[in-house]
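Engineer: First the structure, then my questions, so here it is.
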Amino acid sequence: MNNEKDRMRYILIGILCTGFLCVIIALCLQLRGDAVGEEIAVDELLQQYWQEQQVAAIDEQATDITAAAPEINSGTESELDSSSVSVTEAADSLNEEKIESTIAVMAEDDAGKIDINRATAEQLQQLKGIGPSKAKAIIDDREHKGSFHSIEDIKRVKGIGEKLYAGIKESIVANP
């Protein structure tokens, strides 16, 4: 009789431990899913930070130009007002030139390459060795795991190994 009670206790403990283990696994999977969402947020935050740094640098240059204006134009108050307008126009022009040159450099570096973070299935199929199923796999991976941080990240897609990567790496970019 005692053996049977002990046996029942062990069975109950086993069932409880199994249930507890299932709950822990479910929580881990949920936390893992949240971490993937955080990676996307971090990527977006880094992009936003980069843009803010560019704007801050341009604002600093405009401030330097504005600070130099009184030294350049030591005249009446109306002359200084017109000078500050021209300084503002010069700063705006500098800002536009800097943005245009940044875009031009990016375009030059990426000329003729396919951005794996934005390409459609049809565009991806233009790559050697990428058919409809691999193009779909790339897009599905991008949607589920977030953007590719580098071109090498494309190897995380099932079916894209070293050999296929070597054949397409010169034709792709991974812009943020």
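The values are calculated or read from the model by the stated rules, or taken from the named source; none is laboratory data. Quick caveat: nothing in here was measured; it's all calculated off a predicted structure. Methodologically, a virtual Cβ is constructed for each residue, glycine included, from the backbone with ideal geometry; neighbour enumeration extends over all protein chains shown. These area figures cover heavy atoms from the full protein model, side chains too; ligands, DNA and RNA do not enter into them. Shrake-Rupley method; radii C 1.70, N 1.55, O 1.52, S 1.80 Å.
Engineer: Out of (1) of a type outside the set (Asp, Glu); (2) without any contact (Cβ under 8 Å) to a residue 24 or more places away in the chain; (3) part of a loop (DSSP other than H, G, I, E, B), the odd one out for PRO176 is which?
Structural biologist: All conditions pass for PRO176, except number (2).
Engineer: Which members of segment 141-162 meet the condition of being open to solvent by 50 Å² or more (accessible area, probe 1.4 Å) and charged (D, E, K, R)?
Structural biologist: Within segment 141-162, GLU143, LYS145, GLU152, LYS155, ARG156, LYS158, GLU162 qualify.
Engineer: So the check is Cβ under 7 Å with 6+ separation or different chains; which pairs have a first residue in segment 110-133 that's over 16 Å from TYR165 (Cα atoms) and in contact (Cβ under 8 Å) with a residue 12 or more places away in the chain and a second one that's part of a helix (DSSP H, G or I) and open to solvent by 70 Å² or more (accessible area, probe 1.4 Å)?
Structural biologist: ALA121/PRO132; ALA121/LYS136
Engineer: Oh, and also: Pairs needed: first member in segment 134-161, in contact (Cβ under 8 Å) with a residue 12 or more places away in the chain and part of a helix (DSSP H, G or I); second member anywhere, of a type in the set (Asp, Glu) and open to solvent by less than 20 Å² (accessible area, probe 1.4 Å); C-beta distance under 7 Å; at least 6 residues apart or different chains.
Structural biologist: Hits for this filter: ARG156/ASP141.
Engineer: Still on this structure, I have one more. Scan segment 2-16 residue by residue and report those that are of a type in the set (Asp, Glu) and loosely packed, with under 10 Cβ neighbours inside 10 Å.
Structural biologist: GLU4 - this is the single residue of segment 2-16 that is of a type in the set (Asp, Glu) and loosely packed, with under 10 Cβ neighbours inside 10 Å.
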